[in-house]
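One structure below.
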Amino acid sequence: MLGPYGAIEANRRRYGNTFTVQPMTQPRMVVFSDPDEIRQIFTAEPGELVGGEPAARLLGPILGWNSLVVLDGDRYLRHRRLMMPPLHQERMPLYFREIVRIADEVADQWPVARPFKIHGEVRKILMDVLLRTIFGFEDERLAQVRSLQGRILDMVDSPSAGFIFLPTLRRKLGGYSPWSRFLQLRAELASLLSEEIARCRREAGSRVDVLSLLVAARDEAGNAMTEQELFDELFTLLMAGTETTTSALVWLFYHILARPEVMAKLRAERDRETGRGGRLMPEHVQNLSYLDAVVKESARLTPVTTDVARILKRPKRIGALDLPAGAGVSAGIYLVHHRPDVWQDPERFNPDRFIGVRPDPYAFFPFGGGD
């Protein structure tokens, strides 16, 4: 494999299951891949380890300084509590029919019997799902935000990405640099979302989208999120949420389409649950155990993020290492997912390993772990 997976495998072959790396935008990181060591990272005492700090320099200027991704301590806990109820799994059935409708609408346009690039098509589905269910956008406003979001994501996927993600290359250069274009697009999106937040407040109680719930959410002191806090969290959902989920689904297609026997099992399971040709409904999803296993196996073999970084705020022993305050530690998602002493035949795509099994949360954590 190429890219980050290949680099991780090269480090493992050269240095073993625990090694130190020097990321371009973070302090030196000790990478761990033993489930017991990862448990020590994720179950550390409050204040021992922080996750927002190592991400802040890289992502703060991009996602915003109020994004959950860059927060720690009390601010992190406050935002997490405010955001969790609207995004809780129990609300998903409310949006299920809209999600299915959007997916069908896009997939019906896919060509038959000739290749096409699926990444853009999956992203199109995810963008519309987010814009309709999170924000309740329709018609002209939907088209405006979709266009801005698409232009930003295209920049992130282009050679311009280095000028956005590398702090040393973030230069405005009179408004003509990629960083300046990104900031302009972000400001235009902020203006549109500001108008939608104001409209949401005027229409309080008459909407069921996630934005209306976030606007109405209050913390223990009765305070709502400020407009800037709302924008930074919503921008994070639009950017990070779209790209990570798109990547996860594209990898899922990659694994399924290469294995006709897996596709056949998925279709048979769906037909048993819905009846041949029947429509999938929310109550069916919990019974699709083979689909659940396929999704998990795809996420194990090709996780969308390769590690979870933390910074030690005070000295701590992890595994056999005594680490000082200020040291970086990383729970190696890809590494532990590919360890032969943790997973039998780890390079083989085998959904059956998840059937009837609750995976160890310190051996399987494709989207990170802990709080």
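The values are calculated or read from the model by the stated rules, or taken from the named source; none is laboratory data. Worth saying up front: this structure is predicted, and the values here are computed from it rather than measured. Glycine gets a Cβ as well: all are built from the backbone with ideal geometry, and neighbour counts include every protein chain shown. Quick note on the areas: whole protein, heavy atoms, side chains included, nothing else; ligands and nucleic acids left out. Shrake-Rupley method; radii C 1.70, N 1.55, O 1.52, S 1.80 Å.
Looking only at residues in the range 22-61 that are hydrophobic (A, V, I, L, M, F, W, C) and touching a Lys or Arg at 6+ places or on another chain (Cβ under 8 Å), the one that is nearest to His338 (Cα to Cα) is Ile41. Filtered by the rule that a residue be surrounded by 13 or more Cβ atoms within 10 Å (Cβ to Cβ) and either out of contact with any Phe, Trp or Tyr (no Cβ under 9 Å at 6 or more places or on another chain) or free of Cβ contacts under 8 Å to residues at least 12 places away in the same chain (or both), the range 260-271 gives Met263, Arg270. Residues in the range 313-357 that are open to solvent by 10 Å² or more (accessible area, probe 1.4 Å), over 20 Å from Glu261 (Cβ atoms) and of a type in the set (Gly, Ala, Ser): Gly319, Ala320, Ala325, Gly326, Ala327.
Within the range 48-67, is even one residue at pLDDT below 90, of a type in the set (S, T, N, Q) and out of contact with any Gly (no Cβ under 8 Å at 6 or more places or on another chain)? Within the range 48-67 (the criterion being at pLDDT below 90, of a type in the set (S, T, N, Q) and out of contact with any Gly (no Cβ under 8 Å at 6 or more places or on another chain)), the answer is no, since none of the residues qualifies.
The set of residues from the range 273-303 being part of a loop (DSSP other than H, G, I, E, B) and either open to solvent by 20 Å² or more (accessible area, probe 1.4 Å) or touching a residue at least 40 places away in the same chain (Cβ under 8 Å) (or both) comprises Gly275, Arg276, Gly277, Gly278, Arg279, Leu280, Met281, Gln286, Asn287, Thr302, Pro303.
Can you tell me which condition Leu166 does not meet? The list is (1) more than 24 Å from the chain's Cα centre (by Cα); (2) of a type outside the set (Phe, Trp, Tyr); (3) surrounded by fewer than 17 Cβ atoms within 10 Å (Cβ to Cβ), and all the others hold. Answer for Leu166: the failing condition is (1).
Scanning the range 220-247 for residues that are surrounded by fewer than 20 Cβ atoms within 10 Å (Cβ to Cβ) and hydrophobic (A, V, I, L, M, F, W, C) yields a count of 3.
Of all residue pairs spaced 6 or more apart or on separate chains, those with beta-carbon atoms under 9 Å, a first member in the range 129-155 that is closer than 24 Å to Leu94 by Cβ and a second member that is open to solvent by less than 10 Å² (accessible area, probe 1.4 Å) and among the polar types (S, T, N, Q) are Leu130/Gln149; Leu130/Thr242; Leu131/Gln149; Gln149/Thr242. Of everything listed in (1) under 14 Å from Thr242 (Cα atoms); (2) among the small types (Gly, Ala, Ser); (3) not in a helix (DSSP H, G or I), the single unmet condition for Ala113 is (1). Within the range 222-261, the set of residues being among the hydrophobic types (A, V, I, L, M, F, W, C), more than 21 Å from the chain's Cα centre (by Cα) and within 12 Å of Leu82 (Cα to Cα) comprises Ala224, Met225. Of the residues making up the range 149-163, those that are open to solvent by 70 Å² or more (accessible area, probe 1.4 Å), under 23 Å from Leu126 (Cα atoms) and outside any loop (DSSP other than H, G, I, E, B) are Arg151, Asp154. Scanning the range 57-72 for residues that are open to solvent by 20 Å² or more (accessible area, probe 1.4 Å), among the hydrophobic types (A, V, I, L, M, F, W, C) and not in a loop (DSSP other than H, G, I, E, B) turns up Leu58, Leu59, Leu68, Val69. Within the range 171-192, being outside any loop (DSSP other than H, G, I, E, B), open to solvent by less than 100 Å² (accessible area, probe 1.4 Å) and touching a residue at least 12 places away in the same chain (Cβ under 8 Å) holds for Pro178, Trp179, Phe182, Leu185, Arg186, Glu188, Leu189, Ala190, Leu192. Pairs meeting the criteria (first residue in the range 195-206 and in contact (Cβ under 8 Å) with a residue 40 or more places away in the chain and under 18 Å from Leu142 (Cβ atoms), second residue hydroxyl-bearing (Ser, Thr, Tyr) and open to solvent by 60 Å² or more (accessible area, probe 1.4 Å), beta carbons under 7 Å, at least 6 apart or on different chains) are lacking.
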